[in-house]
Amino acid sequence: MNRVNHLIAHSRQPILGRGPLVQNLLQHLLKGTWAVVSGGPKLGKTTLLQQVAGALLANSQPVHLDLSRCPAPDLSLSLPKGEKPVILLIDNCHSLLPEPTGFIQQVHDLIQEKRGAVRSIVWTGAVEWGEWVLAHRREVNHPIRYYPLGVLTPKE
């Protein structure tokens, strides 16, 4: 079972109320904009990636990389060959901290080398990952949409 099918097969039920968020994220990814999803533990970051992966199958090839299992993956081996553009779903990016710029540069180099193969990327991680990206936008060097996840109490 490949990574994408594994990700979808193990997806949980969609989180109620996340439909508009998923649709907004999909629109930006299909346009080539990168996204950063950040939030505390158990807020649904990986579940959101699973929903996005399933929705992307018609238009592209989502590739899920879990950095908690492999902090320095060989990106060139992770990209499938095919007609559809690839959208990278990179989970647990906070494991790259405190200095993720080497990995980010490796991603940029791969995109240059594979011209057009990678359409966009979702970088997902804990709150500190989102804070790092906001403070280092110049190093990311690509248009980014920021999606901070949080919990609202019933009265809100």
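The values are calculated or read from the model by the stated rules, or taken from the named source; none is laboratory data. Everything quoted here is computed from the prediction, not taken from an experiment. Ideal geometry is used to build each Cβ from the backbone, glycine not excepted, and the neighbour counts take in all protein chains shown. Side chains included, ligands, DNA and RNA excluded: accessible areas come from the protein's heavy atoms. Shrake-Rupley method; radii C 1.70, N 1.55, O 1.52, S 1.80 Å.
When the stretch 121-148 is filtered for residues that are at pLDDT below 90 and within 23 Å of Ser68 (Cβ to Cβ), the ones remaining, listed by number, are Glu139, Val140.
Here the stretch 104-136 is the region considered, the condition is being open to solvent by less than 20 Å² (accessible area, probe 1.4 Å) and free of Cβ contacts under 8 Å to residues at least 60 places away in the same chain, and the residue that is farthest from Leu43 (Cα to Cα) is Leu110. When you look at Ala53, is it loosely packed, with under 14 Cβ neighbours inside 10 Å and not β-branched (Val, Ile, Thr), yes or no? No; evaluated as a whole, the condition is false for this residue. Among the residues of the stretch 21-46, the ones that are touching a residue at least 40 places away in the same chain (Cβ under 8 Å) and either basic (Lys, Arg) or farther than 19 Å from Pro143 by Cβ (or both) come to 8 in all.
One residue stands out among those in the stretch 1-50 that are at pLDDT 85 or above and over 22 Å from Val86 (Cα atoms): the one that is surrounded by the most Cβ atoms within 10 Å (Cβ to Cβ), which is Gly39.
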